[in-house]
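The values are calculated or read from the model by the stated rules, or taken from the named source; none is laboratory data. Predicted, not measured: the structure shown is a model, and the values here were computed from it. Every residue, glycine among them, receives a Cβ derived from its backbone with ideal geometry; neighbour counts consider all protein chains shown. SASA here: full protein model, heavy atoms, side chains in, ligands and nucleic acids out. Shrake-Rupley method; radii C 1.70, N 1.55, O 1.52, S 1.80 Å.
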Amino acid sequence: MHVPLSMSHPVVRIIPNINIMSAHSHTGIAYLNKVSDEARQHIEMLMTSLGTIEHIDDTVCDAFASLYASIPAYLGIFLSAMVDASEHIGFLRETPSYQTISNIMIQTLEMMNETHQHPAVIKDLVCSPSGITIEGINEMEYHKIRSVIIKSFTNSYMKSKDIKTQQ
């Protein structure tokens, strides 16, 4: 819904992701016009109770929404594919396989956050010459997974901009 902005009214754009359901959202907040310090404090107190917040400029709201709001869905696809792969090679599809894979994903992300290492460094640490992981990475690169991921986010961003211009 398009709301005309009046220079006399404070406007706040709040962009959470679905992780707000478990109080783990990463929410973007853009303050437009004049928002009082008291209002900012109330908004930020509410939103930090539901996860982390990031102050963003209004010019990047579409980019923020298309990237950060989409990540849970994209991870869901990747996790689902890994569960399918585990079943394909002999594991049961039931909860332990799903839980193991999701826990390893969480543990890896936590390690990356704690060590401040770039994801490419983690990949390089896991891969060994002629090893099993580099074989899988090679297959992903052959099918241009990185290009598909980048294009997916870019398409989401363009759709966000299209929706905005249609209002």
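Values computed for the structure shown
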{"quantity": "Residue in the range 97-114 that is closer than 27 Å to residue 63 by Cα and touching a Pro at 6+ places or on another chain (Cβ under 8 Å) present", "calculated": "yes"}
{"quantity": "Close pairs from the range 133-156: first closer than 23 Å to residue 69 by Cα, partner open to solvent by less than 100 Å² (accessible area, probe 1.4 Å), Cβ under 7 Å, at least 6 apart", "calculated": "152/74; 153/66; 153/67; 153/70; 156/66; 156/70"}
{"quantity": "Residues located in the range 59-68, provided they are out of contact with any Gly (no Cβ under 9 Å at 6 or more places or on another chain) and either under 12 Å from residue 105 (Cβ atoms) or touching a residue at least 40 places away in the same chain (Cβ under 8 Å) (or both)", "calculated": "62, 63, 66, 67"}
{"quantity": "Matching option when the condition is touching a residue at least 40 places away in the same chain (Cβ under 8 Å) and either out of contact with any His (no Cβ under 8 Å at 6 or more places or on another chain) or closer than 17 Å to residue 71 by Cβ (or both), among 123, 161", "calculated": "161"}
{"quantity": "Top-ranked residue in the range 24-43 [being open to solvent by 50 Å² or more (accessible area, probe 1.4 Å) and within 22 Å of the chain's Cα centre (by Cα); ranked as farthest from residue 70 (Cα to Cα)]", "calculated": "24"}
{"quantity": "Selection count, the range 138-152, where residues are small (Gly, Ala, Ser) and out of contact with any helix residue (DSSP H, G or I) (no Cβ under 8 Å at 6 or more places or on another chain)", "calculated": "1"}
{"quantity": "Test: residue in the range 80-92 that is surrounded by 12 or more Cβ atoms within 10 Å (Cβ to Cβ) and farther than 27 Å from residue 125 by Cβ", "calculated": "yes"}
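So that you can scan it fast, the table gives a plain yes or no per residue for (1) under 26 Å from residue 87 (Cβ atoms); (2) touching a Leu at 6+ places or on another chain (Cβ under 9 Å); (3) surrounded by fewer than 10 Cβ atoms within 10 Å (Cβ to Cβ):
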| position | (1), (2), (3) |
| --- | --- |
| 100 | yes, no, no |
| 104 | yes, no, no |
| 114 | no, no, yes |
| 129 | no, no, yes |
| 136 | yes, no, no |
| 142 | yes, no, yes |
| 147 | no, no, no |
